[in-house]
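Please treat every number below as a calculation from the coordinates, not as lab data. Owing to the predicted nature of the structure, the values given are computational and were not obtained by experimental measurement. As a convention, Cβ positions derive from the backbone with ideal geometry for all residues, glycine included, and neighbour counts pool all protein chains shown.
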Amino acid sequence: MTTYLVTGGAGFIGSNYILYMFHKYSDQIRIINVDALTYAGNLENLKSVEDLPNYTFIRADITDKEAITKIFEDNEIDQVIHFAAESHVDRSIRNPEVFVKTNVLGTAVMLNCARAAWERADGSYPAGKRFHHVSTDEVYGSLPDDGVSYFYETTPYAPHSPYSASKASSDMLVRAYIDTYHFPANITNTSNNYGPYQFPEKLIPLMINNALHGKPLPVYGDGRNIRDWLYVDDHAKGIDMVGLYGKLGETYNIGGHNERRNIEIVTTIIDTLLELLPDSDPRKKNVSRDLITYVEDRKGHDRRYAIAPDKAKRELGWEPDTTFEVGIKKTIKWYLENEEWFSHVTSGDYQKYYEEMYHT
Ligand code: NAD
Ligand code: DAU
């Protein structure tokens, strides 16, 4: 049985990954979820697995060396899947320090503790040990709006936001461990995820939540920035496939060739809400294209992201299963059926952040 230590498992992608893994492997795996439960961590996402005997939650901060050391001492960990991070670009522009602390120092602590637990006296590692660092395509910077250039694994790093700079630093630490200690690790750099349980500070859930409440839909700049969208289960599948078929030490880009301008995403959300909501639903009257409001651009706003997933396809056989058309409908349906989840996470703290960020 493989024991996974998942960091940040109460967040958006981490919780979807845990659900995906239990759905696929059931009692063949053990998962220990380590999460500090910041504003972005929500154990409600994992209600359906919390009583499983092969699932354990430990509340700990990845920058706390003692706590992480103890977890490795108390458990025979085979694989670390490292999601825990501060993940929102706008927050990093307002408050960069916590991004450096969690994303850089936290990754250094995780690497050190894993190495201390796994490395043999002769510098080798037992078979089956692997540290999977979950990273982002934002480390590569911004692409021209030409529709033909892509991010490859070999694209030089050029991060622009404090968030992407901190993720680039953490990637470099992982690479340094691979080169210096022959540390058994992989990195994946993935494009924008969407799906259930995403915190409504991010574009898609924010627009759905605002539209349902008849609140303005704040589009940054000219709304023509491009992101490359991937359904979150396809990301989980990619991470799993790296563990099954990837070569240790390698980096894989994961993305499904789903480029969309932000304004297209917003209009698709409005149109889909109008299509899915029955006339009898009182929320329907709130939803309208008139809510679209162009606001001041994000500082240093990257123009275009687009992943070339050729290596993942060639070497792992990875391909996304969910098209954008299917995925966005599924996602919107989920938020419509789980509005309670929205109201639980949009607590006092989030309200305060929202008011400061959007001057409402
Ligand atoms: P998220 O913000 O939804 O979740 C982050 C999780 O990490 C939360 O549960 C939070 O409580 C936890 N956490 C934060 N600081 C911690 C700390 N110091 N110690 C322990 N736990 C801590 O993030 P997400 O969108 O799920 O992203 C997960 C990972 O995937 C991140 O590393 C992010 O950089 C990367 N990524 C995200 C996307 C995306 O589109 N969201 C795309 C590519 C890569
Ligand atoms: O590319 C992967 C990255 O995708 C991840 O590494 C990050 O963790 C994740 O947050 C995401 O970053 P983005 O900055 O691309 O995502 P966000 O949802 O914040 O914004 C998507 C686009 O929408 C971006 O061009 C900014 C724009 N936007 C965003 C918000 C929140 C708006 O126009 N209005 C908004 O209110």
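Inside the stretch 24-37, can you point out the residues that are surrounded by fewer than 17 Cβ atoms within 10 Å (Cβ to Cβ) and assigned to a loop (DSSP other than H, G, I, E, B)? Spell out how you get there, then give the answer.
If we filter the stretch 24-37 for residues that are surrounded by fewer than 17 Cβ atoms within 10 Å (Cβ to Cβ), which is where we start, we get 24-28, 37.
Within the stretch 24-37, just Leu37 meets the criteria.
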Within the set of pairs 6+ apart or on separate chains, which have a first residue in the stretch 121-141 that is of a type in the set (Phe, Trp, Tyr), a second that is within 16 Å of ligand 1 (Cβ to nearest atom) and not in a loop (DSSP other than H, G, I, E, B), and C-beta atoms under 6 Å apart? Phe131/Val80; Phe131/Ala114; Phe131/Ala185; Tyr140/Phe151
Consider Pro200 against the criteria (1) away from ligand 1 (no atom under 13 Å from the Cβ); (2) under 22 Å from the mean Cα position of the chain (by Cα): it satisfies all of them except one. Which criterion is unmet? (1)
Requiring at least 3 residues that are within 29 Å of Tyr125 (Cβ to Cβ), the strands (runs of 3 or more DSSP E) wholly within the stretch 204-263 are 251-254
Contact list, first residue from the stretch 240-257 and within 16 Å of Tyr305 (Cβ to Cβ), second anywhere and surrounded by fewer than 19 Cβ atoms within 10 Å (Cβ to Cβ) and not basic (Lys, Arg), beta-carbon distance below 6 Å, six or more apart or interchain, is Asn253/Glu153
Go over the candidates Tyr220, Tyr245 one by one and state the one that is more than 24 Å from Asn103 (Cα to Cα) and away from ligand 2 (no atom under 16 Å from the Cβ). Tyr245
Can you confirm whether Ala85 is more than 16 Å from ligand 2 (Cβ to nearest atom), closer than 26 Å to Glu153 by Cα and within 22 Å of the chain's Cα centre (by Cα)? no
Among the residues of the stretch 196-216, is there at least one that is out of contact with any Ser or Thr (no Cβ under 8 Å at 6 or more places or on another chain), basic (Lys, Arg) and buried (at least 19 other Cβ atoms within 10 Å of the Cβ)? no
Being within 16 Å of ligand 1 (Cβ to nearest atom) and touching a residue at least 40 places away in the same chain (Cβ under 8 Å) narrows it down to one of Tyr358, Tyr305, so name that one. Tyr305
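Against the definition (of a type in the set (Val, Ile, Thr), more than 9 Å from ligand 2 (Cβ to nearest atom) and over 20 Å from Arg115 (Cβ atoms)), how does Ile208 come out, yes or no?
Values: of a type in the set (Val, Ile, Thr): yes; more than 9 Å from ligand 2 (Cβ to nearest atom): yes; over 20 Å from Arg115 (Cβ atoms): yes.
Against the criterion (of a type in the set (Val, Ile, Thr), more than 9 Å from ligand 2 (Cβ to nearest atom) and over 20 Å from Arg115 (Cβ atoms)), Ile208 qualifies.
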Log entry, pairs with first residue in the stretch 170-199 being over 30 Å from Leu336 (Cβ atoms) and among the small types (Gly, Ala, Ser), second being in a strand (DSSP E or B) and within 16 Å of ligand 1 (Cβ to nearest atom), beta carbons closer than 8 Å, six or more apart or on different chains, reads Ser170/His133; Ser170/Ser135; Ala185/Phe131; Ala185/His132; Ala185/His133
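Working carefully through the options Glu319, Glu315, Glu340, find the one that is more than 26 Å from Thr251 (Cα to Cα) and not polar (S, T, N, Q).
Exactly one of Glu319, Glu315, Glu340 is more than 26 Å from Thr251 (Cα to Cα) and not polar (S, T, N, Q), namely Glu340.
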